[in-house]
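Taking it in order: structure first as structure tokens, then the write-up.
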Amino acid sequence: MAATTISVSTHYRSSSSPYPNLSSLSSHQNPNNFIFPATSPKLATASLPFNSTASPSIASMQDGSLAATVAGLQNEAPLKKLKDGLTSVKENTQLSNFDVNDGKSTTSITVVGASGDLAKKKIFPALFALYYEDCLPEHFTIFGYARSKMTDAELRNMVSKTLTCRIDKRENCGEKMEQFLQRCFYHSGQYDSLENFAELDEILKEHEAGRVSNRLFYLSIPPNIFVNAVKCASLSASASAGWTRVIVEKPFGRDSESSAALTKSLKQYLDEDQIFRIDHYLGKELVENLSVLRFSNLIFEPLWSRQYIRNVQLIFSEDFGTEGRGGYFDHYGIMRDIMQNHLLQILALFAMETPVSLDAEDIRNEKVKVLRSMRPIRVDDVIIGQYKNNARWDGVPFLMKAGKALHDKRAEIRVQFRHVPGNLYNRNSGTDLDLATNELVIRVQPDEAIYLKINNKVPGLGMRLDRSNLNLLYKARYSKEIPDAYERLLLDAVEGERRLFIRSDELDAAWALFTPVLKDLEEKKKIPEYYPYGSRGPVGAHYLAARYNVKWGDLGVDE
Ligand SMILES: NC(=O)C1=CN([C@@H]2O[C@H](COP(=O)(O)OP(=O)(O)OC[C@H]3O[C@@H](n4cnc5c(N)ncnc54)[C@H](OP(=O)(O)O)[C@@H]3O)[C@@H](O)[C@H]2O)C=CC1
Ligand SMILES: O=C1O[C@H](COP(=O)(O)O)[C@@H](O)[C@H](O)[C@H]1O
């Protein structure tokens, strides 16, 4: 049985360290060399996903707002009418799939929650970048929708503050920006008002000017109002002839049950292929590139199994805390925020078998198989999950690490290969065999890179080896700016490409892995370890890795 080991960043308090000395760790890795100043309660709350489960407010969350709203909606009185409406919407959508660039149709993109943080920070800038790159359809309109009162001019003013220009075409940026802003409009309305969405529908129609319209709604709103907004958008503002698609932001529930309830509610109003569940990590360049690396280079695929790989590490860290999102974090925590989605998606892409083709369904089928071949993660002293009977990965530990308020910001995949059997040069590599381990690092961010650590002879008359990098650093190799993940994903949604979005069975499988451990942690009120803001995180992560005879690859001198 291969082990999938999940380590979570919790907090560490030095005085209560449950760990003995780890002599196998080098000095900078040794937890006993860490300094642990007292953490402020604010910090503790901010990055304490599991600690928060111990608080009464979190205990009540199990039947909290999202689930309650969903259940409430299912029982609403005018359901039959809504369902009847829904049937016709679904049929229309299935029958019509107009090409966005046929010159005859038009595409309306509505950002629901346009006044919010994500809309300003990511969605409008991504749409502008796509426009700037001539990637949007010939005829398109962008609408902002939210409760805040705003005129079109005020929306444009707000949006203009966050737009940036692609570096390689900066000359006509101002002009392009103005053209883009002229295509942006705003309508104020409630998220649960069929009437307000019907008003939006009327305005959209005016702009669509009799063309066949395709409509994309981006739900950039808190999750407890997803279903209301989908209901109203679907019933009052669906495209009458073209396609209607809805991008849904995470979180998709907070466990298997609430996620299934959310899916069920959404499917009252939409077909699965209208729902685009976004995981923006799938839109990141290096994550997209994983499959290219594996399946278009003969040298990697034969190595991609237990036979050569000793362990795989999926590492996410941020050098800032929860900032203004403490409330959200109290409800969701780091495992739901990063592991169950971003890291698990990367793991699935990393570990999947070769898909039959690059079609969305073929890729997603393979990812689901990986997720289903894993046994749910369970809590013991540490958090451990295990692969069951997967021939390719039998015996290979997968380690995940995610946390905020750490010493740096990074997201990377580290593949540590097995030692060379009977290595002729062992004598020349020093005593630490780990230093002689080949390691492939796929650095998703910052400074995108793929590098391979190899053993190399230090030039000279003697025979000394060191570990050097074969390094593909993107900014040195490619002059073109890397698009933001949201650009790729928005473009895919407009084009109906589903490959990088999460299918409902993938989501179910991902939750099935994490739900038991999340519940266990909540029920057992497990006390997290404290760690100082800006440190390398909880010491337990080292002990967890040591159980599998693994060292975290991000702690070395030549990280
Ligand atoms: N921000 C980020 O970096 C990320 C966000 N996400 C997800 O994207 C979605 C949007 O995030 P974000 O923009 O940060 O969210 P915000 O909290 O900024 O909310 C977006 C808009 O929704 C409306 N709104 C906020 N709270 C409520 C409420 N309780 N009831 C009704 N309407 C409300 C507000 O608009 P108004 O009052 O004008 O109606 C607000 O401007 C969320 O699902 C989030 O989880 C995912 C990844 C990253
Ligand atoms: O989904 C999320 O991602 C961000 C990190 O995204 P990145 O693209 O900046 O790496 C994280 O800060 C946030 O907590 C989480 O909700």
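Since every read-out is calculated from the coordinates, none of them should be taken as a lab result. Every value quoted in this text rests on a predicted model; they were computed, and no experiment measured them. Counting neighbours? That spans all protein chains shown, and the Cβs are built from the backbone with ideal geometry, glycine included.
Quickly work out the GLU495-to-VAL356 label distance, labels modelled 7 Å from Cα along the C-beta direction, and quote it in nm with one decimal.
The two pseudo-label positions are separated by 2.3 nm.
Considering amide H positions built from the backbone, and no H for Pro or chain starts, which residues 5 or more places from ASN311, or on another chain, come under 5 Å of its amide H?
GLN416
Once amide H atoms are placed 1.01 Å from N in the peptide plane, what residues at a sequence separation of 5 or more from ALA402, or on another chain, have their amide H within under 5 Å of its amide H?
Amide H neighbours of ALA402, under 5 Å, 5+ apart: SER9, PHE316.
Pop out the ³J(HN,Hα) list for segment 441-450 in order, Karplus 6.51 cos²θ - 1.76 cosθ + 1.60 with θ = phi - 60°, rounded to Hz; leave Gly and Pro as x.
After applying 6.51 cos²θ - 1.76 cosθ + 1.60, I find 10, 10, 8, 6, 6, x, 6, 3, 7, 10 Hz.
Assuming R0 = 25 Å, what is the FRET efficiency of LEU555 and LEU472, from their Cβ-Cβ distance, to the nearest 0.05?
It comes to 0.65.
Need the full-extension length gain, ASN224 to LYS526, defined as separation in residues times 0.36 nm minus the C-alpha distance. One decimal, nm.
106.0 nm
Assuming R0 = 51 Å, can you tell me the calculated FRET efficiency for the pair LYS161 and LEU461, based on Cβ-Cβ distance, to the nearest 0.05?
0.25
Set the bar at 29 Å for Cα to Cα. Now go through LYS121/LYS401; LYS404/LYS524; LYS161/LYS401; LYS122/LYS149; LYS250/LYS551; LYS120/LYS176 and name every pair that lies beyond it.
LYS161/LYS401; LYS250/LYS551
Once amide H atoms are placed 1.01 Å from N in the peptide plane, what residues at a sequence separation of 5 or more from SER240, or on another chain, have their amide H within under 5 Å of its amide H?
For SER240, the qualifying residues are SER213.
Specify which residue in the list GLY496, LEU465, VAL441 is farthest towards the positive end of the charge dipole of segment 423-545, using unit charges on the beta carbon of Lys, Arg (+1) and Asp, Glu (-1), about the Cα centre.
After comparing all options, I get LEU465.
For segment 515-526, what does the Karplus curve 6.51 cos²θ - 1.76 cosθ + 1.60, with θ = phi - 60°, yield as ³J(HN,Hα) per residue in whole Hz, taken in order and with x for Gly and Pro?
Calculated HN-Hα couplings, in order: 4, x, 6, 5, 5, 4, 5, 5, 5, 7, 6, 4 Hz.
Short version: ³J(HN,Hα) in whole Hz for each residue of segment 414-425, in order, from phi by Karplus 6.51 cos²θ - 1.76 cosθ + 1.60 (θ = phi - 60°), x for Gly and Pro, what are they?
Result, rounded to whole Hz: 10, 10, 9, 8, 5, 6, 6, x, x, 4, 4, 9.
Segment 263-339 to segment 212-240: how many Å between their Cα centroids?
25
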